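Engineer: Okay, here's the structure, questions in a sec.
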Amino acid sequence: MPAGMMELGKKSTGLRPRTNPVPSEIRTNGLFRKGSTRFFRSPLGSAAWLVLVIGVCLWAKIPVFSQPHVAGYERFHADEASVEGGAILFSELGCASCHGGSDMIVPRQGPALTNLSSRVDRDWVRSFLKTPESGRKGSTMPSLVHGLSDEEIDGVVDYLGSLGKGLKFRAERHANAERGSALYHEKGCIACHEPTDDFRGPRARGDQFESEFAIAHPELTKKTSLAALHHFLMQPSAFRPDGRMPHFALEKQEAMDIAAHLMDFQPSDPREAVTLKPWPKADASSIELGKAVVQKQNCAACHSLPGIEASTPFPLDATERATGCLSREKEEGVPFYPLSEGQRASLLLFLSREDRSSHDELSFAAMNCVACHERDGRGGPSPETDPYFVGMESLGDSGRIPPPLTGVGHKLLPDAMKHVFTGLEGSRVRSYLKTQMPVYGQHSEVLTKWLQEEDSRVETHSDPLDAEPSGDSIGAGQKLLGIHGGVNCITCHQWDQKDSLGIPALDISRLDQRLRYDWFHEYLLNPASYRPGTLMPPLWPGGNSTVPDVLEGNAEKQIGAIWAFIAKGEGIPEGFPDRSGGQFELVPTDQPIIQRTFFNQTGTKAILVGFPGKVHLAYDGAKGKPSLIWRGGFFDAYDTWFTRAAPFGDPLGEDTRLFEGETGERRFLGYRLDREGNPTFLLRVGDQKLEDHFEVSDGILKRVLRWDSGEEPAVGHPKGVEKTIRRKDGLLEVEYRWK
């Protein structure tokens, strides 16, 4: 770089190189740009110029603005001014809220402002209103309070603090920031946000991450509290209803751990965290003043505010000289955005467009779906975020990268698509992906309708189920799916509760409930056309069958037969191993057997205890509670021992009883075994330490619960059994007998 020139765009400055859609060389106030990169040119030299600029800004208290950051615009449209880039900005900067005309399928909204005093620090709110980019780098919130007096700004803050009845946060008992770090970096947060510097993943390091597309977090420890952030992560769509902050269906503990990671809260007890400073009681006259200012500034155009209506939208046209919201300088009473020249030029092109047709495809960029998904050759993880997508490496990229959205409206049936958006149980078919699909429950109807219409096409292959398939056809489908003279689908794919014989690809037993037959047919003929690099082989290369002795080798009939068996067949594809002999059944004889596994009605941290007396127990290690007991056979360990993605197991016995009434938050501390192998589970409930012991004698399950202080803890019992209870100081003895 020539002497005296300093490139803008390094990470430390918060700026980046930007193509400017104006003539190729401009000099204005010392700013020089040639090609796509901007420079300062000064006779003082780079370092001296930087010191001078910073010194003048600090002495004169001149704010240094960073341009609004819209991920979909930055990634796809920032290098050249375009109508499409302007359309995204017009929506995502909130222009459409006042002026109408958004092209996005889900319009951008401002966050909910009710109960703000329970969730956000008052000083942070005041600073954010005065200088939005001080609250979050690249904030899309415009400056609105320039020209207002301090009294008016305080009135706005007091009015916002008066909204809602306040929130009470449940006192959680455990936090694990280290686990939260793993969840944050694996569930998909990194598709939009930066990793933390101390993260060390299997394929990436946080301190080596640089991306101009990452959406910055505010300084959370100054903005909010651990409890409030946990509350937000549990239901972000309640506060960000437009879905720009996706709603991940997190368990309470997952949300708390992620919050602890983001707040860098290292203690294990969240009750030790700093709480928000209470907002001072506001004077009624100040609240009324603030409400009047909020109404005058038309804040209700972006935010839902009780009792305040937004002004009627009014059109905004392009002019040769950008004024008003597009002005380069702040104008009193007008929202100010510190736009880059490229952003301003894109907005002007959008406003002057002659074609007023919508740009539906831009909704993918506006909602940042393309941070995870590729569609029509665009999007998907960027080179910087790609290493953070993890899952089942044996499946290649298909095992860690979310599927393409190319033609997804043609691929999925409407109900199946709606189930994905609402997060209906069972709609997540790729359990091997650690990246989690967010929930868009409020928008499931409109998104489904949009995608079905966007990708609609004339189907070229009729569904075999339109005409009742014959028994021979269904039988041929059963053979083709299997490994005995078929195309070996079950080698890779799960079938209902039966795991594949090899790599654990998704379950294909209910594809007819998810997919359109036309898409299924096209995919089987050429899988790579949908997902290049997929491990799925072309089983009918060039439309020719590799199994000539089934249905005369007719590819059309064979694909139809597979579909027919999936939809209407009985039994399973040929080739699954026969496990009916029970050779993997665990049978307790001399002493109890302890087995960790995934177990229905217990969870992913089930501890099974099989007793020689043919009475058995399942204990939930996540919640620190017994979940069920049963008699008869204990457990078949085949799936636990030999299956990579083990399904949830069930008792072999039939006389199962569920525990009821075992309430209270418990922290599981492990277990120990006595000489006979009987377990004692170790727990903490608040300040109490508990020991929960189980053993079996003469067909009777005996339980002894001890606690070190305080009152007797809440204890549940299995439903439908006789129980005998004896109490002593700090001791509870219970015997359970079947009626």
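Engineer: Taking only DSSP H segments of four or more residues, each worth -39500 (n - 2.57), what value at 222 nm results for the chain once the sum is divided by all its residues, to the nearest 500 deg cm²/dmol?
Structural biologist: Value at 222 nm, helices only, nearest 500: -7500 deg cm²/dmol.
Engineer: Find the centroid of the Cα atoms in the range 108-128 and in the range 216-266, then give the distance between the two in whole Å.
Structural biologist: 14 Å
Engineer: With r defined as the distance between the Cβ atoms of Arg672 and Arg726 and R0 fixed at 22 Å, what FRET efficiency is calculated, to the nearest 0.05?
Structural biologist: After rounding, the FRET efficiency stands at 0.40.
Engineer: Which far-off residues, 5 or more places away or on another chain, put their amide H under 5 Å from the one on Leu669, with H placed in the peptide plane?
Structural biologist: Leu682, Leu683, Arg684
Engineer: Residue-wise, which Karplus ³J(HN,Hα) couplings in Hz belong to the range 91-106, taking 6.51 cos²θ - 1.76 cosθ + 1.60, θ = phi - 60°, and x for glycine or proline?
Structural biologist: 7, 7, 8, x, 4, 5, 5, 8, 10, x, x, 5, 8, 7, 5, 10
Engineer: Could you give the length gained by full extension between Lys330 and Lys605, i.e. 0.36 nm per residue of separation minus their alpha carbon distance, to one decimal place?
Structural biologist: 93.2 nm
Engineer: Percentage of Cα-Cα pair distances in the range 174-276 greater than 18 Å, rounded to whole percent?
Structural biologist: When every Cα pair of the range 174-276 is considered, 47 percent fall beyond 18 Å.
Engineer: Hey, another quick one. In whole Å, what are the Cα extents of the range 650-739 along the three principal axes, biggest one first?
Structural biologist: 38, 28, 27
Engineer: Amide H of Val696: which non-local residues (sequence gap of 5 or more, or other chain) have their own amide H closer than 5 Å, using H built in the peptide plane?
Structural biologist: Amide H to amide H, under 5 Å and 5 or more residues apart or across chains, Val696 pairs with Lys702.
Engineer: Can you work out ³J(HN,Hα) from phi for every residue in the range 144-160, in order, using Karplus 6.51 cos²θ - 1.76 cosθ + 1.60 and θ = phi - 60°, giving whole Hz and x for Gly and Pro?
Structural biologist: After applying 6.51 cos²θ - 1.76 cosθ + 1.60, I find 10, 9, 4, x, 8, 6, 4, 5, 5, 5, 4, x, 4, 4, 5, 5, 4 Hz.
Engineer: Two decimals is fine: what's Rg over Rh for the range 464-568, C-alpha atoms, Kirkwood radius as Rh?
Structural biologist: Radius of gyration over Kirkwood radius for the range 464-568 works out to 0.93.
Engineer: Additional query: Kindly identify the range 585-738 as rounded, prolate or oblate by the Cα gyration tensor criterion: order the square roots of the eigenvalues as a ≥ b ≥ c, call it rounded if a/c is under 1.5, otherwise compare a/b with b/c, prolate if a/b is larger, else oblate.
Structural biologist: prolate
Engineer: Given (1) 154; (2) 215; (3) 183, which label gives volume of the Cα convex hull per residue in Å³ as computed from the coordinates?
Structural biologist: Working out volume of the Cα convex hull per residue in Å³ from the coordinates points to (2).
Engineer: Another one. Using 1/(1 + (r/R0)^6) with R0 = 25 angstrom and r between the beta carbons of Glu393 and Leu413, what's the FRET efficiency to the nearest 0.05? Mind showing how you got there, number by number?
Structural biologist: Values: r = 31 Å, r/R0 = 1.23.
That pair, Glu393 with Leu413, gives E of 0.25.
Engineer: Pull up all non-local amide H partners of His193: gap of 5 or more, or a different chain, and H-to-H distance under 5 Å with H placed in the peptide plane.
Structural biologist: Excluding prolines and chain starts, which carry no amide H, the hits are Ile215.
Engineer: Just add up the charged neighbours of Ser181: K/R +1, D/E -1, any other residue whose Cβ is under 15 Å from the Cβ of Ser181. Can you show the working numbers first?
Structural biologist: Numbers: positive: Arg179, Lys187, Arg200, Arg205, Lys434; negative: Glu178, Glu186, Glu194, Asp197, Asp198, Asp207, Glu254, Asp257, Asp264.
For residues surrounding Ser181, the net value is -4.
Engineer: Between Val274 and Ala182, what is the label-to-label distance in nm when each label sits 7 Å out along the Cα-to-Cβ direction?
Structural biologist: According to this spin-label approximation, the distance is 2.9 nm.
Engineer: State the extension gain, in nm to one decimal, for the chain segment bounded by Val704 and Arg200, taking 0.36 nm per residue of separation less the distance between their alpha-carbons.
Structural biologist: Values: separation 504, 0.36 × 504 = 181.44 nm, distance 4.40 nm.
Here the answer is 177.0 nm.
Engineer: Within the range 551-580, list the GluC sites (Glu not before Pro) lying in a DSSP loop whose Cβ has at most 12 other Cβ atoms in a 10 Å radius.
Structural biologist: Taking the range 551-580 and a limit of 12 other Cβ atoms within 10 Å, the loop GluC sites (Glu not before Pro) found are Glu570.
Engineer: Here is a further query. What is the range 270-428 by shape, rounded, prolate or oblate, if you read a ≥ b ≥ c off the alpha carbon gyration tensor as root eigenvalues and call it rounded for a/c under 1.5, prolate for a/b larger than b/c, and oblate otherwise?
Structural biologist: Working: a/c = 2.12, a/b = 1.39, b/c = 1.52.
Here the range 270-428 falls in the oblate category.
Engineer: Under 10 Å from the Cβ of Arg531, count the other residues' Cβ atoms, weight Lys and Arg +1, Asp and Glu -1, and hand me the total.
Structural biologist: -2
Engineer: OK, next. What's the local net charge at Arg271, with K and R +1, D and E -1, over the other residues with C-beta under 12 Å away? Mind showing how you got there, number by number?
Structural biologist: Details: positive: Arg170, Arg173; negative: Glu172, Asp269, Glu272, Glu665, Asp687.
In short, -3.
Engineer: List, in order, the whole-Hz ³J(HN,Hα) value for each residue of the range 214-222 obtained from phi through the Karplus relation with A = 6.51, B = -1.76, C = 1.60 and θ = phi - 60°; use x for Gly and Pro.
Structural biologist: 5, 8, 6, 7, x, 6, 4, 5, 8
Engineer: Further question: Which trypsin sites (Lys or Arg not before Pro) in the range 664-715 pass both tests, a DSSP loop state and at most 13 other beta-carbon atoms within 10 Å?
Structural biologist: Arg675
Engineer: How long is the gain from Arg353 to Lys719 if the chain were fully straight, where each residue apart is worth 0.36 nm and the alpha carbon distance is subtracted? Display every interim value, and only then the final one.
Structural biologist: Values: separation 366, 0.36 × 366 = 131.76 nm, distance 6.95 nm.
124.8 nm is the gain from fully extending Arg353 to Lys719.
Engineer: Using a 10 Å cut-off around each Cβ, can you sort Ser529, Ser237 from fewest to most neighbouring Cβ atoms?
Structural biologist: Going from sparsest to densest Cβ surroundings: Ser529, Ser237.
Readers should treat all values here as calculations from the given coordinates under stated rules, not as data from a laboratory. All of these numbers come straight from a predicted model, not from anything done at the bench. Quick reminder, even Gly has a Cβ in these numbers, built from the backbone with ideal geometry, and neighbours come from all protein chains shown.
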